[in-house]
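First comes the structure, then the notes that go with it.
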Amino acid sequence: MSKTLFLGDEAVAQAALDAGLSGVYAYPGTPSTEITEFIQNSKQGRAGEVHSIWAGNEKTAMESAIGMSYAGKRAMVCMKHVGLNVAADPFMNSSITGANGGIVVVVADDPSMHSSQDEQDSRYYAKFALIPSFEPSNQQEAYDITYAAFEFSEKYRTPVLIRLTTRLSHSRAGVERKAERPQNELHIEENPKQFILLPANARVHYRTLLGKQDSFEEESLNSPFNKYIDGADKKMGIIASGIAYNYLMENFEGGKCPYPVLKISQYPLPSKLIAKIVDECETVLVAEEGYPFIEEQVRGILNRTGNIIGRLSGALPRDGELNPNLVAKALGLPDTYGAPIPDLVVPRPPALCVGCPHIDSYNAINAAMEKYGKGKVFADIGCYTLGALPPYNAIYTTVDMGASITMAKGAADAGLRPVLAVIGDSTFTHSGMTSLLDCIYENTPVTVMILDNSTTGMTGGQDSHALGVLGEICKGLGVKEDHIHRINPLKAHHEENVAIIEKELEYEGVSVIIPTRECIQTLSRRMKKQQAAKKQ
Amino acid sequence: MKIDIILAGVGGQGILSIATIVGYAAVKRGMYMKQAEVHGMSQRGGDVQSHFRLSDQEIASDLIPMGKADMIISVEPMESLRYLPWLNPETGWLITNDQPFVNIPNYPDFDKLNAELGKLKNKVVINADKIAKDLGSARSANMVILGAASPYLGIPFEEIESAVRENFARKGEDIVNVNIACLRAGKEFAEKL
């Protein structure tokens, strides 16, 4: 079969489709977004044969997937690493319910924080939930693992996790596909008590889950994705997982490493293979992307063998992505470098687009807040986080989806006046509505600005659940109608917008101001499409 | 044969279309390819780069090791210099547009920037914007740059040309022709140096 060029994300998506996927549930988040987009644009996605509409957030996505599994069909959940925090409740409990139709949870981690607020490592979550996880090292393996993961999930009636990292998600290479498998038939278990997590049932199913652990490790031992490659020189052995395996092999012409190598792409760790390499080799280097997950387990808190090196020992940096050079240095090989960057090269940070509605919103916010001094604007996750940078310097916090409103509330509770929260339309429906409800319940004096650009902008313009209904949602939650304003964020309306913000900042209760203007990126894309349609 | 390229520019300048075309030509020759892209936050007017690797052997890493890139292809002059740590200091070539994209207040002095580019041993510095504009398509500066890089790619020019043709085919004959013209103009410029 010929090869198709796929991003790592796309390879996962194509494999899921080929494995008979019935639904993908996801909230956009870099670097995971392209998985769902690929399915949406696929033949099956466009025809509606596979569910692929964005979910409100990662928790609702995970729950929908458990529901689809309950009904006997194969479901996939996709998110970025911090999204798994949002989905953690159903995710953890899904390991107790187990699966009926296969459930594959795909989490894309972002080491080095290219587009994220932390670099947490999702392998811990899989271990925490006592379920197997997979870590593909290349695009072909991303395909093969995803295809196999559904089988695995159904064989052991357990959800499984696939961990991707940025460089695999967003790197393209040729991938060979497998045969297409039909979707599962609808089938509910005769006695679906496994999904009723009353304590009496949960205790039983927890023991069932514990009982599967030995089989999970046995699978890892015999997995085609874990490999023990012998080498003549036993001075060193290398355990390399996921994409770190590629950085290792890059350092040896034709992939001929003189040392024994244990490649890991399936967890739980196969202890027999770990013991073999630790016993055989004088020193064992652990190369892994993210946290020292393997290294920590192999060396243990006492580090009795003393010969395990990696991110914990300082042989590799404790944080940030790996690359071939860092691995070369850890191997004691000569480092390579071109010429230094000339001094005149200055950083070019990302910025709001020319014509972006957020620019006008921030200009109005800065004008209205000027007399109150710094430190009173709480923001959120999205393009508008760039309001933290010059020339705006307008915001003071960004923590997690929805935190703007509730942090503003906490600060108001502490006595800070006035406080302003800035949140996007999609972030608001993701996790801001319950925050607003907390404010309404206590009539906390907060002014909430929901920047409505009618899309999920930062991740490339996915549909927003709040489209056209933000005012209604706020009214329905209980914000008083005369304290809900829609404003037009344009230079021409600057003065009146500032006046509205100033007035609401003085109000000792909850107000919502909704600057409404379409994202300049989605607008120009829409215009181009319209023009193209006219030409035809 | 193996060629490692760093593609550089500013988010939104479309460096990836260069990779798409070269990738298409390379895969058609049966070569292996890996291409690491930048998606997400940096795309908003920030510096972006792509590691683009072609080889007739299987490729291990998605990232090019420092000091080993055969070429930097950049659509912006300051951005081309940002990746010098990756360029092979002996044999590497730098091919860049000389037209700055100024979206930051502290952009360096143009003369100093040109002087810095002038210090490099193997380089093609080209006003791709003007050539593309003169040929009737300001948006095709990319193709001028690709043309300027083409003599060093190790892929026959006709194959790159047909990849350009394929890539723009659905946009009509006029668009195909102007892009081919830009590609050729870039190649001629580089060959005259």
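Can you give the convex hull volume per residue for the Cα atoms of the range A:227-330, as a whole number of Å³? Let's see the in-between values first.
Details: hull volume 9.4 nm³, N = 104.
Enclosed volume per residue, from the Cα hull, is 91 Å³.
What whole-number distance in Å separates the alpha-carbon centres of the range B:141-157 and the range A:257-313?
Each part reduced to its Cα centre gives a spacing of 45 Å.
Enumerate by residue number the trypsin sites (Lys or Arg not before Pro) in the range A:252-312 meeting two conditions: DSSP loop (anything except H, G, I, E, B), and at most 16 other Cβ atoms within 10 Å of the site's Cβ.
Numbers: sites: A:LYS256, A:LYS263, A:LYS272, A:LYS276, A:ARG299, A:ARG304, A:ARG311; in loops: A:LYS256, A:ARG304, A:ARG311.
For trypsin sites (Lys or Arg not before Pro) across the range A:252-312 that sit outside H, G, I, E and B with at most 16 neighbouring Cβ atoms in 10 Å, the list reads A:LYS256, A:ARG304.
Any idea which of A:PRO111, A:ILE96, A:SER171 is furthest toward the positive side of the dipole for the range A:3-211, if Lys and Arg beta-carbons carry +1 and Asp and Glu beta-carbons -1?
Towards the positive end, the residue furthest out is A:ILE96.
Tell me whether the range A:369-440 comes out rounded, prolate or oblate; compute the Cα gyration tensor, take square roots of the eigenvalues as a ≥ b ≥ c, and use a/c under 1.5 as the rounded threshold.
Cα axes put the range A:369-440 in the oblate bin.
Treating the beta-carbon of each Lys and Arg as +1 and of each Asp and Glu as -1, no other charges, what is the dipole magnitude of the range A:3-211 about its Cα centre, to the nearest 20 debye?
Details: 20 positive and 24 negative charges, 76 e Å.
Once rounded to the nearest 20, the dipole reads 360 debye.
Averaging over every viewing direction, what projected area does the convex hull of the Cα atoms of the range B:74-168 cover, in nm²? Write down the numbers at each step before the final one.
Values: hull surface 28.7 nm².
Average projection, Cα convex hull of the range B:74-168: 7.2 nm².
Could you go through the range A:336-341 in sequence order and give the Karplus-derived ³J(HN,Hα) for each residue, using 6.51 cos²θ - 1.76 cosθ + 1.60 with θ = phi - 60°, rounded to whole Hz, and x for Gly and Pro?
10, 7, x, 10, x, 6
Just for the protein assembly as shown, what percent of DSSP beta bridges are antiparallel, to the closest 5? If you can, show how the numbers build up before the last one.
Values: 28 of 88 bridges.
For the protein assembly as shown, the DSSP antiparallel bridge percentage is about 30.
What residues qualify as long-range amide H neighbours of A:VAL284, i.e. H under 5 Å apart, gap of 5 or more or another chain, H built at 1.01 Å from N?
Those qualifying (amide H under 5 Å, at least 5 residues apart or on another chain) are A:GLY237, A:ILE308, A:ILE309.
Under a 10 Å cutoff between Cα atoms, tell me which one of B:GLY14, B:GLY136, B:GLY30 has the largest fluctuation in the Gaussian network model of chain B.
Among B:GLY14, B:GLY136, B:GLY30, the largest GNM mean-square fluctuation belongs to B:GLY30.
Roughly how many Å is it from the Cα centre of the range A:511-531 to that of the range B:38-90, as a whole number?
If we compute the Cα centre of each part, the gap is 33 Å.
Calculate, for A:ALA202 and A:ARG46, the FRET efficiency according to 1/(1 + (r/R0)^6) with r their C-beta to C-beta distance and R0 45 Å; round to the nearest 0.05. List each step's numbers first, then the result.
On the way: r = 40 Å, r/R0 = 0.90.
With a Förster radius of 45 Å, E is 0.65.
Scan around A:VAL512 for amide H atoms under 5 Å from its own, H built in the peptide plane at 1.01 Å from N, and keep only partners 5 or more places away or cross-chain.
A:VAL448, A:ILE484, A:HIS485
Can you give me the long-range amide H partners of A:VAL346? Hydrogens built in the peptide plane at 1.01 Å from N, cutoff under 5 Å, separation of 5 or more residues or another chain.
The list, which skips near neighbours in sequence, is empty: none.
In whole Hz, with x marking every Gly and Pro, tabulate ³J(HN,Hα) for the range A:218-228 from phi via Karplus 6.51 cos²θ - 1.76 cosθ + 1.60, θ = phi - 60°.
4, 4, 5, 4, 9, 5, x, 8, 9, 9, 9
Can you give the three extents of the C-alpha atoms in the range A:158-247 along their principal axes, from longest to shortest, in whole Å?
54, 35, 24
Which order do the peptides B:71-81, A:187-197, A:208-218, A:163-173 take when ranked by the mean count of other beta-carbon atoms within 10 Å per residue, highest first? It would help to have the intermediate numbers written out before the result.
Details: B:71-81: 25.8, A:187-197: 12.5, A:208-218: 14.5, A:163-173: 28.0.
Descending mean neighbour count gives A:163-173, B:71-81, A:208-218, A:187-197.
Could you quote the convex hull projected area for the range A:320-393, Cα atoms only and averaged over all directions, in nm²?
8.6
Hey, which of these cross-link pairs are over 18 Å Cα-Cα: A:LYS43/A:LYS528; A:LYS43/B:LYS34; A:LYS227/B:LYS68; A:LYS534/B:LYS171; B:LYS130/B:LYS187?
From the list (A:LYS43/A:LYS528; A:LYS43/B:LYS34; A:LYS227/B:LYS68; A:LYS534/B:LYS171; B:LYS130/B:LYS187), the Cα-Cα distance tops 18 Å for A:LYS43/A:LYS528; A:LYS43/B:LYS34; A:LYS227/B:LYS68.
Could you calculate the contour length gain from A:GLU442 to A:TYR396, that is, 0.36 nm times the residue separation minus the distance between their Cα atoms, to one decimal place in nm? Don't skip to the answer; put the middle values down first.
On the way: separation 46, 0.36 × 46 = 16.56 nm, distance 2.40 nm.
Length gained between A:GLU442 and A:TYR396: 14.2 nm.
Taking only C-alpha pairs under 8 Å that are 6+ residues apart, what is the relative contact order of the range A:1-87 in percent?
On the way: 127 pairs, mean separation 31.9, N = 87.
With pairs under 8 Å counted, the relative contact order is 37 percent.
Shape verdict for chain B, please, from the Cα gyration tensor: rounded (a/c under 1.5), prolate (a/b greater than b/c) or oblate.
Details: a/c = 1.38, a/b = 1.07, b/c = 1.29.
Rounded, because the longest to shortest axis ratio a/c is under 1.5.
Over the range A:1-151, what is the relative contact order in percent, taking alpha-carbon pairs closer than 8 angstrom and at least six residues apart? Each step should come with its number before you reach the end.
Details: 261 pairs, mean separation 40.7, N = 151.
Value for the range A:1-151: 27 percent.
Please work out how much length the chain gains when fully extended from A:LYS503 to A:LEU333, using 0.36 nm per residue of separation minus the C-alpha to C-alpha distance, in nm with one decimal. Walk me through the numbers before you get to the answer.
Values: separation 170, 0.36 × 170 = 61.20 nm, distance 6.52 nm.
Full extension from A:LYS503 to A:LEU333 adds 54.7 nm.
How shielded is A:242-249 by partner chains, expressed as the average number of their Cβ atoms within 10 Å of its Cβ atoms? Write out the running numbers ahead of the final one.
Details: counts 0, 3, 1, 2, 6, 5, 2, 4.
Average neighbour count from other chains, rounded to a whole number: 3.
Take the Cα atoms of the protein assembly as shown, find their three principal axes, and give me the spread along each one in whole Å, biggest first.
The principal-axis extents, from largest down, are 71, 67, 54 Å.
For the range B:59-129, would you read off the P(r) tail past 16 Å as a percentage of all alpha carbon pairs? Working shown, then result.
Working: 1196 of 2485 pairs.
Considering the range B:59-129, 48 percent of its Cα-Cα pairs are separated by more than 16 Å.
If you take every residue apart from A:HIS485 with its C-beta less than 11 Å away from the C-beta of A:HIS485, what net charge results, scoring Lys and Arg +1 and Asp and Glu -1?
Values: positive: A:ARG486, A:LYS503; negative: A:GLU481, A:ASP482, A:GLU496, A:GLU504.
Once all neighbours under 11 Å are counted, the net charge is -2.
Residue-wise, which Karplus ³J(HN,Hα) couplings in Hz belong to the range A:414-424, taking 6.51 cos²θ - 1.76 cosθ + 1.60, θ = phi - 60°, and x for glycine or proline?
Karplus-based 3J(HN,Hα) across the range A:414-424 equals 6, x, 6, 9, x, 10, 10, 10, 10, 9, x Hz.
Based only on other Cβ atoms within 10 Å, what is the fewest-to-most ordering of A:VAL377, A:VAL175, B:VAL176? Don't jump to the answer; show the numbers that get you there.
Values: A:VAL377 27, A:VAL175 22, B:VAL176 17.
By the 10 Å Cβ count, ascending: B:VAL176, A:VAL175, A:VAL377.
Which of the GluC sites (Glu not before Pro) found in the range A:251-286 are in a DSSP loop and have at most 11 neighbouring Cβ atoms, other than their own, within 10 Å?
Numbers: sites: A:GLU253, A:GLU280, A:GLU282; in loops: A:GLU282.
The qualifying sites are A:GLU282.
Tell me the trypsin sites (Lys or Arg not before Pro) within the range A:334-441 that lie in a loop according to DSSP and have at most 12 other beta-carbon atoms within 10 Å. Don't skip to the end; give the middle numbers.
Working: sites: A:LYS371, A:LYS374, A:LYS376, A:LYS409; in loops: A:LYS374, A:LYS376.
Loop-located and lightly packed - A:LYS374.
For A:332-341, what's the mean count of beta carbons from other chains sitting within 10 Å of each residue's beta carbon?
Numbers: counts 0, 0, 0, 3, 8, 9, 15, 11, 2, 5.
Other-chain Cβ atoms within 10 Å of each residue's Cβ, averaged: 5.
So what is Rg over Rh here for the range A:282-369, counting just Cα atoms and using Kirkwood for Rh?
On the way: Rg = 22.1 Å, Rh = 17.2 Å.
Rg divided by Rh gives 1.28.
Across every pair of different alpha-carbon atoms, what Kirkwood hydrodynamic radius in Å does the range B:3-70 reach?
On the way: mean 1/r = 0.0806 Å⁻¹.
Computed over the range B:3-70, the radius equals 12.4 Å.
At what distance in angstrom do the alpha carbon centres of the range A:180-204 and the range A:425-441 lie from each other?
Here the answer is 33 Å between Cα centres.
Indicate the gyration tensor shape class of the range A:357-522 (rounded, prolate or oblate), computed on the Cα atoms with a ≥ b ≥ c the square roots of the eigenvalues: a/c under 1.5 is rounded; otherwise a/b larger than b/c is prolate and the rest oblate. Present the calculation step by step, with values, prior to reporting the outcome.
Details: a/c = 1.30, a/b = 1.11, b/c = 1.17.
Taking the square roots of the gyration eigenvalues as a ≥ b ≥ c, the range A:357-522 is rounded.
Which whole number gives the average, over all residues in B:77-89, of C-beta atoms from other chains lying within 10 Å of the residue C-beta? If you can, show how the numbers build up before the last one.
Values: counts 0, 5, 2, 1, 5, 6, 3, 7, 7, 5, 3, 3, 4.
Taking the mean over all residues of the peptide, I get 4.
Quote the relative contact order of the range A:393-485 in percent (integer), defining contacts as alpha-carbon pairs under 8 Å separated by 6+ residues. Before the final figure, lay out each step's value.
Details: 120 pairs, mean separation 25.0, N = 93.
Relative contact order here is 27 percent.
Please give the net charge around A:SER115, taking every other residue with its beta carbon less than 12 angstrom from that of A:SER115, where Lys and Arg add +1 and Asp and Glu add -1. Write down the numbers at each step before the final one.
Details: positive: A:LYS80, B:ARG44; negative: A:ASP109, A:ASP110, A:ASP118, A:GLU119.
Cβ neighbours under 12 Å give a net charge of -2.
Where a number appears in this text, it was derived from the coordinates with a stated rule and is not lab data. Not measured: the values here are computed from a predicted model. FYI the Cβ positions are ideal-geometry reconstructions off the backbone, even for glycines, and counts take in every protein chain you see.
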